[in-house]
Structure formats: structure tokens, C-alpha cells
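Reading through the C-alpha cells given below for one structure.
The values are calculated or read from the model by the stated rules, or taken from the named source; none is laboratory data. Quick caveat, the model's predicted, so the values are computed rather than measured. We place every Cβ from the backbone using ideal geometry, glycine too, and count neighbours over all the protein chains shown. The accessibility values were calculated without ligands, DNA or RNA, using every heavy atom of the protein model including side chains. Shrake-Rupley method; radii C 1.70, N 1.55, O 1.52, S 1.80 Å.
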Amino acid sequence: MSCNKQFINLMHKYLDGELTRTDENLLRSHLHSCQSCQKHFHELKRTTTLLKSSSELQPSSNFTEKVMASLPKEKKRVGYMRWFKAHPVITAAAIFFIFMFSSVFSAWDQDSQLSVSKDKNLIIQEDTVIVPEGVTVDGDLVVKNGNLKIDGSVNGNVVIINGEHLMASAGEISGEIEQVNQVFEWMWYHIKDITKNLFAFTNK
Amino acid sequence: METKIKEIIKQVKKGDQSAFEDVVTFYQNKVYQICFRVIGNAHEAEDLAQETFIRAYVNIHSFDDKRKFSTWLYRIATNISIDRIRKKKPDYFLDAEVKGTDGLDMYSQLPAEQLLPEEEVESLELQSYIQQEIMQLPTKYRSVIALRFVDELSLAEISEILSIPVGTVKTRIHRGREALRKRLRRV
């Protein structure tokens with residue numbers, strides 16, 4: 001090739017669409033005068049056209065179906081996981097409630113035995129807990145699965161779960177008396193208890 | 001079109017698998033052609049194109065909506081195709097660059113104008129002939145040529161897809177074009 005590399009460079013720039021107006025004029029006037037460069041340029045342009053003519057290259061007609069059929073099936077679990085990731089607060093709340101309810105229910109189911117929070121000086125007859133006359137219970141009193149009869153006095157709150165307060169007597173209770181007999185009441189009591197403890201804890 | 005594709009991608013991201021069908025239909029020819037230009041064989045090209053779409057679907061969440069989808073997709077296509085060549089080839093002895101030259105490989109040492117005997121009996125249908133000549137180029141030239149001429153991508157886009165500097169893209173296009181000019185002169 002007799003001609004300067006400079007012109008071949010200009011040809012490539014032209015084909016890349018990066019040629020400035022002045023360079024284009026330069027190239028054009030050179031091509032008019034130089035046969036070998038003209039041939040070179042012609043061949044390059046033809047090459048480009050040949051390379052671009054790839055439109056008849058096509059995949060088989062059922063290509064899309066084949067791809068769609070081989071996509072991994074979206075597993076439900078994956079969908080759930082994505083949802084969980086997108087909503088962390090709701091997920092945390094849901095887990096919290098699941099644990100809380102299960103623990104409350106299991107607690108409800110488990111102890112059908114009579115129990116008292118303090119049995120010092122208290123008399124237990126069958127399923128009745130008696131606070132005898134002259135006895136003072138300091139602090140709260142909780143009776144589970146049994147009735148309560150107060151002849152003495154209680155310096156605090158009384159909670160009776162799954163039982164009754166036998167009112168026949170004239171005992172004294174300085175605090176509140178509360179009876180819990182249904183699952184939901186029991187739950188309500190638990191929730192109140194938890195929050196109360198929580199607040200008591202934070203208040204400290 | 002690009003905005004419509006973006007809408008479709010959003011649906012796919014939400015888990016609508018059927019929306020992906022439009023993506024495949026729209027890009028299948030381009031992706032196939034890119035793979036074909038790099039790998040040089042229709043059957044394998046189809047296989048690679050299919051893998052490209054599957055990988056795009058599986059990784060759709062890593063696609064950044066602010067960028068151009070085609071760029072992302074073509075990047076997957078070229079990566080998969082180049083990987084395939086790397087895995088399969090015992091012909092590195094021809095693809096290897098000759099020491100002291102940039103981009104010249106052992107092919108350039110072969111008498112250029114003469115077809116190999118097994119190539120002579122092959123049909124000289126134009127496309128397959130062109131492709132045959134493209135296959136004589138090293139892989140890194142083929143991928144640039146494929147991207148440049150299949151979808152007329154800009155030099156900047158090609159540089160982004162292949163993670164190489166624009167200057168390198170330019171050099172490879174120029175050299176590739178020159179090499180093919182010589183080879184396709186007789187067509």
C-alpha cells in the first residue's frame with residue numbers, strides 16, 4: 001500500500017461515525033485522486049455491509065417457548081421468602097404473635113392442677129383455698145384451678161384463674177379482685193400482665 | 001421501546017414469569033446473532049442464547065433499572081459465549097498471539113487466501129462464508145465485531161459490555177475490519 005496510514009485511519013473513523021467535517025473533506029479529496037485508497041475504502045465499506053447483513057440469522061421458531069419452558073419454576077417458598085424480605089416488620093410481628101399465643105395456649109392447657117402463689121398459712125380443702133381468719137396475706141395472691149375463700153385478709157390484689165371467689169365470708173382485700181375463666185380472658189390477663197411487667201421494668 | 005422493556009422488567013421482578021416472554025421475543029434475534037458471531041455454530045449459538053435468557057431471568061434482581069437492559073443482556077450473552085470457547089478449545093495453538101505482535105495470531109501465518117480442504121467442500125453460502133472468515137479472528141476480536149455489527153452498538157456501549165477501554169474497542173474494530181476486508185475481498 002503506497003498511501004499513508006493516516007488515510008486508512010480516517011476511513012475507519014468515518015466508518016465509526018467519528019469523522020469531523022474537515023477530515024471528511026480531506027479524505028474525500030484524497031479518494032478522488034488515489035485509486036488504491038479508493039479500492040481500500042470500497043472494500044472496507046463492503047465488509048461492513050456484509051457484517052451487518054445478519055438479519056437472516058435467526059434461532060429456531062420455537063425458541064421463545066423453549067426458553068420459557070426451561071425457566072426455573074418459581075417456587076412458592078421463594079415467593080414467600082421474597083415477601084418476608086420485603087416486609088421485615090410484619091414478619092417479626094407475626095413470629096412474635098405465633099410464639100406468644102403458642103406459649104399462652106400451652107400454659108393454659110398444661111396446668112389443670114390447683115396451684116396457689118403463696119401457700120404459707122393457707123388451708124387447701126379439695127379444690128378450695130381458704131385464707132383462715134386472722135391470717136393476713138402480704139402481697140398478691142393468685143389461685144389457679146381452684147376456688148378461693150377469704151376469711152382473713154389480703155394485702156394486695158387477688159387473681160383467680162379458672163375458679164370462683166366464694167363470697168360467703170367477710171374477708172378483706174385491700175387490692176383488686178380479678179377472676180379469669182375463659183381462654184380469652186386468660187390471654188387478656190397474660191397480655192396485661194406482660195405489659196404491666198414491661199412497664200414496671202422500664203419504670204425502674 | 002426501552003421504556004416499555006423497563007415496564008416489563010418491573011413485572012418480571014415482581015414475580016410475573018409470563019412477562020419475561022416478551023423480553024425473549026424481543027431480544028432473541030440479537031442475542032442469538034451475537035452468540036453466533038462469537039461461537040460460529042448455529043446449534044451452539046441457540047444453546048448459548050437460551051442460557052443467556054435463563055441466566056438473565058434468574059439474576060433479574062441484580063439488574064439496575066437505571067441502566068440499559070440490552071447492554072446488561074448482551075454482556076451476559078458475550079460472557080457466556082466467551083466462557084464456552086475457553087472451556088471447549090484445544091485450538092489455542094492457533095488462537096495464541098505470536099510473541100512481539102499485538103493481535104497477530106498463528107492464523108495470520110497461514111496462507112490467507114487458500115481455503116482449507118474441508119472448508120472447500122462446505123457450502124459457500126454467503127453467511128456461512130462470512131462467519132467462517134470471522135471465526136479466523138481471535139475471540140476478543142469476534143466479540144467486539146459481533147456487538148458492533150449485530151446491534152450497531154456505540155463504541156462506549158461495547159466498552160461497557162466487555163469492560164475494556166474505548167480505545168481498545170476502537171483498535172479491535174479497526175483491526176478486525178481490516179482483517180475481514182482482506183478475507184472478504186473475493187466475495
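Yes/no per residue for (1) in a helix (DSSP H, G or I); (2) at the interface with chain B (Cβ under 9 Å from one of its Cβ atoms):
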| position | (1), (2) |
| --- | --- |
| A:Ile8 | yes, yes |
| A:Leu19 | no, no |
| A:Asn25 | yes, no |
| A:Arg28 | yes, no |
| A:Ser36 | yes, no |
| A:Glu43 | yes, yes |
| A:Thr47 | yes, yes |
| A:Pro59 | no, yes |
| A:Met68 | yes, yes |
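Filtering region B:43-60 to residues that are open to solvent by less than 40 Å² (accessible area, probe 1.4 Å) and either among the polar types (S, T, N, Q) or assigned by TED's automatic domain parsing to the domain that holds B:Ser128 (or both) leaves B:Gln50, B:Thr52.
Which of the residues that make up region A:29-41 are surrounded by 12 or more Cβ atoms within 10 Å (Cβ to Cβ) and more than 14 Å from B:Glu178 (Cβ to Cβ)?
Correct list: A:His30, A:Leu31, A:Cys34, A:Gln38.
Determine whether region B:61-69 contains at least one residue that is in a helix (DSSP H, G or I), open to solvent by 10 Å² or more (accessible area, probe 1.4 Å) and aromatic (Phe, Trp, Tyr).
Residues of region B:61-69 in a helix (DSSP H, G or I): B:61-62, B:69.
After this cut, where a residue has to be open to solvent by 10 Å² or more (accessible area, probe 1.4 Å) as well, the list is B:61-62.
With the extra rule that they be aromatic (Phe, Trp, Tyr), the set shrinks to none.
No, because not a single residue in region B:61-69 is in a helix (DSSP H, G or I), open to solvent by 10 Å² or more (accessible area, probe 1.4 Å) and aromatic (Phe, Trp, Tyr).
Within the span defined as region B:138-151, every residue fails to be part of a loop (DSSP other than H, G, I, E, B), free of Cβ contacts under 8 Å to residues at least 40 places away in the same chain and either surrounded by 23 or more Cβ atoms within 10 Å (Cβ to Cβ) or more than 15 Å from the chain's Cα centre (by Cα) (or both).
Checking region A:108-120 against the condition returns no match, with no residue being part of a helix (DSSP H, G or I), at pLDDT 80 or above and aromatic (Phe, Trp, Tyr). State which residue is nearest to A:Glu56 (Cα to Cα) when the search covers only region B:25-41 and only residues that are more than 9 Å from every other protein chain (Cβ to nearest Cβ) and surrounded by fewer than 23 Cβ atoms within 10 Å (Cβ to Cβ). Selected residue: B:Lys30.
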